[in-house]
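To keep things clear, I will list the structure first and then write my remarks on it.
The values are calculated or read from the model by the stated rules, or taken from the named source; none is laboratory data. This structure is a prediction, so every number in the text was calculated from the model and none was measured. Glycine also receives a Cβ, built like all others from the backbone with ideal geometry; neighbour counts cover every protein chain displayed.
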Amino acid sequence: MAAGVILLMLLLILGSTSAEDFYGDSISFLKPHKEPDGVIKVAFHHRRNGRNNCVQPSTFTCEACTSFDNSIVMHTDQDNTGQGRWCQSDRLTVANVLVNVSYISLSNTGCCWATNDDIKTNWTTYAHLDLRTRSDTEALNNCPVTTTVSSLRVHQNCFSNIHLLAYDPDGDHVKCHLSADAAVHNNITLNENTCTLEKTGQVSVGVYVFELMLEDFPTNNISLSYANGTSTYWENSDENAFPLCKLKLQFLLEILPSLPNCELGHVQPKFLDPTPKHGSVLHAAVGDKLVLHAKAQAHRATIDDFQVSGPHTMNKEFSDGEHGKAELNLTWTPQRSDAYRAVPVCFTAETNESQSEMRCVVVMVSKPSSFHGRKTAVTCTANQMTVAIARSTLPDVDVNYLSLNEPSCLVTHNATHIIGSTLFSNCGTTIEDEEKYIFFRNQIQPLRNPLKIVSRRKTVKIEFSCQFPKTASISSNYNAEKSDYIFSDSRFDSFSYSFDVYTDGNFTNKVQPIAYPVQVEFLQNIYLGLRAESELANVSLFLDSCRATPDDNPDNVDFYDLVTEGCVKDPSLRVKTVDKLSYHLEFQAFRFGGDNDQVYITCTVLMCDVNDPLSRCAMGCLNEQFRRRRRAAGMRTSIQSLTQGPFQFVNEAVPSGAVHHNNSEVKIADAEMTQADVRKNTVMVDVMEKSDTTMPDSGETELSGRRMEIKEMLSTNISTMVFGSACALSVVVSAVVVAYYARKSKGDDQKPLLVS
């Protein structure tokens with residue numbers, strides 16, 4: 001009996017321990033729809049965050065609901081390091097509501113929050129959804145989409161802004177505010193319009209609870225219709241207007257002790273291209289595999305995992321590489337139940353010491369036709385895009401009255417396919433220059449027939465685009481949302497960059513591959529040519545930076561900048577813009593200190609829209625003040641890195657002393673200068689000039705002749721006096737010159753970088 005009581009107490013203790021594991025949660029609604037039997041089905045996913053136990057079922061209450069259909073609770077993500085730092089689960093619930101109900105309110109309570117400084121124990125999940133039909137979409141309202149990863153961490157001195165996901169599928173304005181019973185935190189505020197946590201002062205180390213309410217407001221005046229046919233007017237200018245949806249987002253934020261260095265990529269992982277930017281909207285189709293790729297780097301820490309918040313059927317693959325880099329591949333194939341769903345996906349890169357920023361995207365799932373992927377094709381070339389659609393995929397469409405954006409650009413067809421083709425500069429094709437890509441967009445649409453007043457044929461609106469990533473690859477896709485037929489297809493292609501070494505300043509003869517490593521001497525000019533291979537009419541190449549390193553790793557701690565943020569840094573460098581797609585670079589050879597006899601040059605370039613006055617290309621050279629402001633604002637652009645080298649220095653004896661070059665006398669460093677003269681932990685570039693003229697072999701003869709002349713001068717008293725005065729003056733001048741160059745040489749030796 002006593003043993004049974006002890007066992008029961010142990011079970012109660014274990015149960016209470018696992019219950020004190022709540023890290024937060026979120027709700028994501030699927031698009032509500034009306035059934036023929038007069039019932040409205042409202043489906044939603046409930047994601048729950050915790051530490052060790054995330055699969056506890058949650059029971060929602062709803063006064064207007066007639067029944068609930070619950071799926072089993074599924075793990076979506078958990079800590080794979082064995083430390084049990086986080087976990088997340090997902091459960092799909094379908095609420096059945098009578099058609100005459102105008103809204104539903106869902107709630108769920110539980111215990112207990114994980115140990116926190118706000119001394120919060122119980123938690124409450126809440127959601128409210130308006131079920132009247134909107135006049136602008138002729139459908140029920142879509143709620144905002146939001147979520148977070150399970151465990152959010154930020155260092156005390158590195159906390160600036162935390163961007164939360166707040167996306168609305170209907171295009172409504174989303175506002176965020178703290179819930180009525182939320183804890184208030186010193187020096188942390190919430191930007192209600194951007195849904196961003198901002199630090200306004202010193203914050204304390206600890207674990208804090210955040211409970212936010214997200215609300216959506218249409219941007220235009222609309223009517224809301226009831227099932228009985230009556231309607232009410234919703235005015236967007238009414239400050240007291242009730243939101244059409246309210247969602248509660250809950251999460252913990254752990255503030256860690258300060259770091260000695262807050263630079264991203266040092267201890268805190270930083271994301272690298274091609275990681276999607278925060279708030280990106282991706283598109284997927286039922287039955288098609290979506291691949292999301294992310295990459296991060298931390299030079300002074302090890303990235304051991306990525307934390308992910310996504311659907312439970314999403315697969316996660318983690319891999320680590322050299323130089324502190326790690327990669328994440330997320331693959332997901334939407335099912336029929338996911339059609340028309342807006343799916344939030346968030347992720348962070350994790351180390352034992354720190355965490356990257358949280359990035360979140362939204363995946364919009366479309367429902368394709370049964371012919372998807374088998375009878376459509378999109379093709380992108382250097383200056384043209386073409387879409388071909390099998391006619392069998394578009395039944396009841398009048399193929400004789402289809403055009404592109406400009407009605408004069410008719411869509412052609414044959415017995416099997418409908419074909420739309422255009423140059424990037426014709427037929428109303430639009431160009432968009434975004435952070436990572438340049439897009440060329442057009443669409444197939446119905447051509448109005450002036451002889452027809454009515455139409456009995458189905459219409460179609462198929463958007464298609466060519467997407468030029470600035471990392472030198474090409475893809476294309478088209479989408480036909482809100483039309484009778486929906487398709488999705490893609491094609492990848494590429495264009496290239498060239499980075500060549502030339503033999504002289506004419507830039508006509510390239511150094512052949514068999515000549516590598518390229519042999520150079522000090523003060524010899526090096527000639528490089530950069531070019532983008534593209535026939536696009538509206539893009540230009542921009543040289544963002546060039547960096548020299550002693551090996552082919554551009555992230556080497558020993559480096560020397562030639563160009564930074566479009567600004568020339570090396571005084572010997574001359575950059576010439578040949579045309580909008582090519583550059584010529586010319587600079588004098590240099591080398592790194594120590595045993596390094598090779599130099600690699602890595603340049604980063606990017607493509608821009610020539611007609612965009614706000615593009616990175618149009619900005620040109622950015623000074624240090626602007627760069628700090630740009631980093632603070634989070635501005636980034638995607639770039640392509642090109643490496644050339646190695647350049648190898650010819651080992652030859654260089655005499656100490658003074659030599660002449662370009663009619664100027666240059667002091668050469670003493671050949672016996674030791675490594676101790678070089679500043680510790682500083683890159684040293686040895687610049688030694690080689691004389692344009694060779695010292696003559698007849699130097700001894702010439703010197704002997706001068707000695708004879710001196711003897712003759714000394715044979716007379718007058719000559720002796722003149723020579724003595726000149727000699728004394730010469731000694732004084734020589735002393736001044738020697739002192740000057742001694743000070744100059746010492747100052748030069750103390751410079752962290754010596755350039756020619």
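In region 384-413, the residue that is nearest to GLN443 (Cα to Cα) out of those that are in contact (Cβ under 8 Å) with a residue 60 or more places away in the chain and surrounded by 17 or more Cβ atoms within 10 Å (Cβ to Cβ) is VAL387. Please verify whether region 488-499 includes one or more residues that are modelled with pLDDT under 80, surrounded by 13 or more Cβ atoms within 10 Å (Cβ to Cβ) and either in contact with a Pro (Cβ under 7 Å, 6 or more places away or on another chain) or on the phi > 0 side of the Ramachandran plot (or both). Within region 488-499 (the criterion being modelled with pLDDT under 80, surrounded by 13 or more Cβ atoms within 10 Å (Cβ to Cβ) and either in contact with a Pro (Cβ under 7 Å, 6 or more places away or on another chain) or on the phi > 0 side of the Ramachandran plot (or both)), the answer is yes, since at least one residue qualifies.
Within region 266-296, the residues that satisfy the criterion of being under 28 Å from THR146 (Cβ atoms), not in a strand (DSSP E or B) and not β-branched (Val, Ile, Thr) are GLN268, PRO269, ASP273, PRO274, PRO276, LYS277, HIS278, GLY279, SER280, GLY287, ASP288, LYS289. Apart from one condition, LYS289 fits all of (1) outside the structural domain of HIS46 (by TED's automatic domain parsing); (2) under 30 Å from ASN141 (Cα atoms); (3) surrounded by 13 or more Cβ atoms within 10 Å (Cβ to Cβ); the exception is (3).
Selection of region 145-171 for residues being over 13 Å from VAL361 (Cα atoms) and not polar (S, T, N, Q) yields LEU152, ARG153, VAL154, HIS155, CYS158, PHE159, ILE162, ASP170, GLY171. Applying the condition of being charged (D, E, K, R) and outside any strand (DSSP E or B) to region 25-65 and asking which residue is farthest from the chain's Cα centre (by Cα) yields ASP37. Only one entry in GLU211, GLU235 is in the same structural domain as VAL99 (by TED's automatic domain parsing) and modelled with pLDDT of 95 or more, namely GLU211. Can you find even one residue in region 110-121 that is closer than 28 Å to ALA349 by Cβ and among the small types (Gly, Ala, Ser)? So far as region 110-121 goes, yes, one or more of its residues are closer than 28 Å to ALA349 by Cβ and among the small types (Gly, Ala, Ser). Residues in region 48-70 that are farther than 26 Å from ALA227 by Cβ and in contact with a His (Cβ under 9 Å, 6 or more places away or on another chain): CYS54, VAL55, SER58. Residues of region 140-163 include none that is over 33 Å from the mean Cα position of the chain (by Cα), surrounded by fewer than 19 Cβ atoms within 10 Å (Cβ to Cβ) and outside any strand (DSSP E or B).
Rundown of residues vs (1) surrounded by fewer than 17 Cβ atoms within 10 Å (Cβ to Cβ); (2) farther than 15 Å from ASN525 by Cα; (3) not assigned by TED's automatic domain parsing to the domain that holds PHE440, yes/no style:
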residue: TYR560; (1), (2), (3): no, yes, yes
residue: CYS567; (1), (2), (3): yes, yes, yes
residue: VAL575; (1), (2), (3): no, no, yes
residue: GLN588; (1), (2), (3): no, no, yes
residue: ARG591; (1), (2), (3): no, no, yes
residue: CYS608; (1), (2), (3): no, yes, yes
residue: ASN611; (1), (2), (3): yes, yes, yes
residue: ARG616; (1), (2), (3): no, yes, yes
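May I ask you to verify whether GLU317 is free of Cβ contacts under 8 Å to residues at least 12 places away in the same chain and over 19 Å from the mean Cα position of the chain (by Cα)? Taking the combined requirement at face value, the residue does not satisfy it. Can you pull out the residues in region 172-212 that are buried (at least 20 other Cβ atoms within 10 Å of the Cβ), under 28 Å from the mean Cα position of the chain (by Cα) and not in a loop (DSSP other than H, G, I, E, B)? VAL174, CYS176, LEU197, PHE210, LEU212 - these are the residues of region 172-212 that are buried (at least 20 other Cβ atoms within 10 Å of the Cβ), under 28 Å from the mean Cα position of the chain (by Cα) and not in a loop (DSSP other than H, G, I, E, B). Here ALA127 does not fit the description of being at pLDDT 95 or above and within 27 Å of the chain's Cα centre (by Cα). Here THR416, THR429 are screened, and the one residue that is surrounded by fewer than 20 Cβ atoms within 10 Å (Cβ to Cβ) and not aromatic (Phe, Trp, Tyr) is THR416. When restricted to residues that are farther than 16 Å from LEU98 by Cβ, touching a Phe, Trp or Tyr at 6+ places or on another chain (Cβ under 8 Å) and among the hydrophobic types (A, V, I, L, M, F, W, C), region 44-71 contains 2. Consider region 213-272 and keep the residues that are of a type in the set (Asp, Glu) and in contact (Cβ under 8 Å) with a residue 12 or more places away in the chain. The one that is surrounded by the most Cβ atoms within 10 Å (Cβ to Cβ) is ASP216. Identification of strands (runs of 3 or more DSSP E) wholly contained in region 525-610 with 2 or more residues that are more than 23 Å from ASP433 (Cα to Cα), touching a residue at least 12 places away in the same chain (Cβ under 8 Å) and not β-branched (Val, Ile, Thr) yields 525-533, 539-549, 560-564, 582-588, 598-609. Just give me the residues in region 244-289 being of a type in the set (D, E, K, R) and farther than 30 Å from SER105 by Cβ, in sequence order. Within region 244-289, GLU254, GLU263, LYS270, ASP273, LYS277, ASP288, LYS289 meet the criteria.
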